[in-house]
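The values are calculated or read from the model by the stated rules, or taken from the named source; none is laboratory data. None of the values given here were measured: they were computed from a predicted structure. With ideal geometry, Cβ positions are generated from the backbone for all residues, glycine too; neighbour counts draw on all protein chains shown. Remember, those area values only see protein heavy atoms, side chains included, never the ligands or the DNA or RNA. Shrake-Rupley method; radii C 1.70, N 1.55, O 1.52, S 1.80 Å.
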Amino acid sequence: MTQSAALKTVRNDMKTLVKDAQALFAEAAAATGEKADVLRAKGLTLLEAAAEAAQGAQAAAIEKGKVVAAKTDDYVHENPWRAVAISAGIGLLVGLVIGRSK
């Protein structure tokens with residue numbers, strides 16, 4: 001599974017977990033007694049699962065960012081003039097786009 005597919009899956013799982021937790025808390029607000037306690041406990045469990053999934057996605061994104069930064073650093077050290085030319089080209093394009101938008 002690719003990184004983007006995994007992040008999309010985590011994002012969809014998070015949305016589902018949060019919606020389920022909201023529904024449980026809404027039902028728990030209307031309920032009383034033991035049933036309300038059970039529903040609140042289920043809601044808290046869902047929210048904890050969502051938080052863990054979010055932490056996993058964050059850790060994966062940080063790791064991917066570190067890999068990309070390391071590869072970029074290696075490329076710049078191996079090809080300094082090419083990196084300067086690419087940066088200048090990107091700067092020129094951004095300048096043209098900003099200049100035309102005004």
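Residue under question is V76, and the condition is that it be open to solvent by 60 Å² or more (accessible area, probe 1.4 Å) and either in contact with a strand residue (DSSP E or B) (Cβ under 9 Å, 6 or more places away or on another chain) or within 30 Å of S87 (Cα to Cα) (or both); does it hold?
yes
Listed here are the residues, each with its yes/no results for (1) surrounded by 11 or more Cβ atoms within 10 Å (Cβ to Cβ); (2) modelled with pLDDT under 90.
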{"site": "A54", "(1), (2)": "yes, yes"}
{"site": "K66", "(1), (2)": "no, no"}
{"site": "A83", "(1), (2)": "yes, yes"}
{"site": "S87", "(1), (2)": "yes, no"}
{"site": "G91", "(1), (2)": "no, no"}
{"site": "G95", "(1), (2)": "no, no"}
{"site": "S101", "(1), (2)": "no, yes"}
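If you scan the stretch 37-51, which residues turn out to be of a type in the set (A, V, I, L, M) and surrounded by 15 or more Cβ atoms within 10 Å (Cβ to Cβ)?
L39, L46, L47, A49, A50
Quick one: count up the residues across the stretch 9-34 that are over 25 Å from the mean Cα position of the chain (by Cα), in a helix (DSSP H, G or I) and without any contact (Cβ under 8 Å) to a residue 12 or more places away in the chain.
Residues meeting the conditions: 5.
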